[in-house]
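Inspection log for the structure reproduced underneath, given as structure tokens.
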Amino acid sequence: MRRLVLLMLPVVSALLALAGQGLGWKLGVPFACAMALVALLDPRREGRRALWWVVAAFAFSMAGDYFLSSRRGRESYFLYGIAAFWVAHLGYLAYALTRGRVHVHALILLLAGYLTYHFRMVAPAIESPVLSGAVLAYLLVSCVSMAAAIGMKTNPGERWLYVAGVALILFSDTVISFREFLNFHRLNALILPAYYLAQILILHGVLLRRDLRYT
């Protein structure tokens, strides 16, 4: 029963956030994911320190959510949000590297596609050099994080749930770039569902580790 409640909390938070019930529920999705991970796998136990990378990623996602949801047109809050999510990607990346390595071919393909997109479409639409640099840095860490997830050497369930989660974050961020820089809004409704589902899938991917048992 305890496990079921812990696993349902992120889903309930996501549904309430999507229903417009406030920022608290939006922050509640990564918070509930982190709480479930700590409660069910207990990163304090020997041999489980790598789990803290995912917990940290969820924590910085909360910070990113706060800044982006509260910015009200302030570029500084947009930059703080990008920085927080950049660190969150470092967490996802670091954890993936404890389970495998960067998939070089995937990284090359991702960088080829996203760097072309950035320099041909996004960068010309950004007036601020600081914001342009921040977006580029975020793009780079996102691609490396995605390639590291693909390169995980684990059981298929763990690997593909984790890959799907990171891929949905990348998808959500791409749609955000359409909205923020290209004035394309047709896919806006997919941003938050993809983002919340991403975190839930990452949580479940980590929980499928065969070398660790639930506490």
Dipole check, the chain, charges on Cβ (K,R +1; D,E -1), about Cα centroid: among F119, L41, S177 the Cα furthest to the positive pole belongs to L41
First measure r as the distance between the Cβ atoms of S128 and H105, then evaluate 1/(1 + (r/R0)^6) with R0 = 30 Å and state the FRET efficiency to the nearest 0.05.
0.30
GNM of the chain, Cα pairs under 10 angstrom: of A164, A57, A123, the biggest fluctuation goes to A123
Using the crude model of +1 on Lys and Arg Cβ and -1 on Asp and Glu Cβ, and no other charge, please compute the dipole size for the chain relative to its Cα centre, in debye to 20.
580 debye
Principal axis box of the chain, alpha-carbon based, largest edge first, Å:
51, 42, 27
With angles folded into 0 to 90 degrees, how steeply does helix 75-98 sit against the dominant principal axis of the chain? Use alpha carbons for both and round to 10.
40 degrees
For the chain, the longest principal axis of the Cα atoms and the Cα long axis of helix 191-207 enclose an angle in degrees, to the nearest 10, of 30 degrees
Max mean-square fluctuation residue, GNM over the chain, Cα-Cα springs under 10 Å, options T174, T116, T98:
T116
Do you know the relative contact order of region 1-64, to the nearest whole percent, from alpha carbon pairs under 8 angstrom that are 6+ apart?
31 percent
Contact order relative to length of the chain, as percent, for alpha carbon pairs under 8 angstrom and 6 or more apart:
21 percent
Could you state the number of Å between the C-alpha centres of region 108-135 and region 74-90?
16 Å
Based on the Cβ-Cβ distance of N188 and R74, what FRET efficiency does E = 1/(1 + (r/R0)^6) give at R0 = 22 Å, to the nearest 0.05?
0.60
Suppose only helical runs count, i.e. DSSP H with n ≥ 4. What mean residue ellipticity at 222 nm does that imply for the chain under -39500 (n - 2.57) per run, divided by all residues and rounded to the nearest 500 deg cm²/dmol?
-25500 deg cm²/dmol
Would you work out which of V5, V135, F31 lies farthest towards the positive end of the dipole of the chain? Charges go on Cβ: Lys and Arg +1, Asp and Glu -1.
V5
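Every number here is computed from the coordinates shown, using simple stated rules; none is lab data. Please read all numbers here as calculations on a predicted model, not as lab measurements. We place every Cβ from the backbone using ideal geometry, glycine too, and count neighbours over all the protein chains shown.
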